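First the structure, then my questions, so here it is.
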Amino acid sequence: NAGVTQTPKFRVLKTGQSMTLLCAQDMNHEYMYWYRQDPGMGLRLIHYSVGEGTTAKGEVPDGYNVSRLKKQNFLLGLESAAPSQTSVYFCASSYWQGATYGYTFGSGTRLTVV
Amino acid sequence: GDSVTQMEGPVTLSEEAFLTINCTYTATGYPSLFWYVQYPGEGLQLLLKATKADDKGSNKGFEATYRKETTSFHLEKGSVQVSDSAVYFCALTVNEKLTFGTGTRLTIIP
């Protein structure tokens, strides 16, 4: 099992450029998430999805868009990158285990906007 | 809203010392509580969890007890090793969303 796979692992963008981060999971999980990790701030939820075709805003959604056209994929888009979006991005998926949710995280994408 | 407050770091200890990392929470419902660990350059791994009051989660010598009366889930280990050096995150979930604390960087000196 590959688990949660994020593509790419590293990227450098110029201010104003656009890009899409891909998250793929092979565990048939219903729920998927995008987080960003910044020093001293932990992980903050950007957007999430509770099933194929659904998306919802998290804590810090501004400047990002997402899509979940297929159950196994969750895409995060930056339409016009800004230096404030320099961060490490983590994708996760989860399922209900009966008493709580079980989460699996990807290995992260390090994005630098110059 | 739901939130997690973690002991600020960094924390530096000598090998074999006793470790405590404090974590308190605020939640509107009945949360499940987690500790995640992040080793350098890697993603997050589940260390332990507890789903109801008075539950004790344990793994790899680490323990944490879900204390509803003090809304706490402090992480403890009796004798730390150099290999425990990492960033530790306390987290909670009430629904399907996982809310994290700010993380505590732990460094163990031989």
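The values are calculated or read from the model by the stated rules, or taken from the named source; none is laboratory data. Source: prediction; values computed, not measured. As a convention, Cβ positions derive from the backbone with ideal geometry for all residues, glycine included, and neighbour counts pool all protein chains shown. Ligands, DNA and RNA are stripped out before the accessible areas are found, and what is left, the full protein with its side chains, is counted by its heavy atoms. Shrake-Rupley method; radii C 1.70, N 1.55, O 1.52, S 1.80 Å.
Counting only the heavy atoms of the protein chains, how much of B:E69 is accessible to a 1.4 Å probe, in Å² to the nearest 10?
130
Oh, and also: Just to be sure I follow: if Rg is taken over the C-alpha atoms of the protein assembly as shown and Rh is the Kirkwood radius over the same atoms, what is Rg/Rh?
0.97
Right, another one. Using the alpha-carbon centroid of each, what span in Å lies between segment B:30-93 and segment A:89-114?
Cα centres, segment B:30-93 to segment A:89-114: 17 Å.
Taking the Cβ of A:T54 as the center, what net charge do the other residues with Cβ under 11 Å away carry, scoring Lys and Arg +1 and Asp and Glu -1?
0
In debye to the nearest 20, how big a dipole does chain A give about its Cα centre with +1 on each Lys and Arg Cβ and -1 on each Asp and Glu Cβ?
240
May I ask you to give the percent of accessible area on the protein assembly as shown that is carbon plus sulfur, with a probe radius of 1.4 Å?
That share works out to 50 percent.
Among rounded, prolate and oblate, which fits chain B when a ≥ b ≥ c are the square roots of the eigenvalues of its C-alpha gyration tensor, a/c under 1.5 means rounded, and a/b larger than b/c means prolate?
Note, shape of chain B comes out prolate.
Taking only pairs that are 8 or more places apart or on different chains, how many Lys pairs in the protein assembly as shown have Cα atoms under 17 angstrom apart?
9
Next up: Please give the charge dipole size of the protein assembly as shown, origin at the Cα centre, charges +1 on K and R Cβ atoms and -1 on D and E Cβ atoms. Round to the nearest 20 debye.
Result for the protein assembly as shown is approximately 500 debye, rounded to the nearest 20.
Please report the buried accessible area for the interface of B with A, total over both chains, probe 1.4 Å, in Å² to the nearest 100.
Heavy-atom accessible area buried at this interface is about 1500 Å².
Given an 8 Å cut-off on Cα distances and at least 6 residues of separation, report the relative contact order of chain A as a percent.
Computed over chain A, the figure is 35 percent.
Which longest uninterrupted range of chain B lacks any trypsin sites (Lys or Arg not before Pro) assigned by DSSP to a loop state (not H, G, I, E or B) and surrounded by at most 16 other Cβ atoms within 10 Å?
Here the longest segment lacking exposed loop sites spans B:1-51.
Continuing with the same structure: For segment A:1-51, what is the relative contact order in percent, using Cα pairs closer than 8 Å and at least 6 residues apart in sequence?
31
Dipole size in debye (nearest 20) for chain B around its Cα centre, Lys and Arg Cβ +1, Asp and Glu Cβ -1?
For chain B, the charge dipole is close to 200 debye.
How many Å² of accessible area per residue for chain A, probe 1.4 Å?
For chain A, the per-residue accessible area is 48 Å².
Another question, if that's okay. Considering every pair of different Cα atoms, what Kirkwood radius, in Å, is found for chain A?
Radius from the Kirkwood sum: 14.1 Å.
Could you sort B:L75, B:L46, B:L13 by accessible area so the largest value comes first, with the probe set to 1.4 Å?
Result, largest first: B:L46, B:L13, B:L75.
Can you pull the one-decimal nm distance between simple spin-label points at A:N73 and B:N22, each 7 Å off the Cα toward Cβ?
Roughly 4.8 nm, to one decimal.
Still on this structure: At 1.4 Å probe size, with every protein chain present, just tell me what the per residue accessible area of segment B:32-74 comes to in Å².
On a per-residue basis, segment B:32-74 sits at 49 Å².
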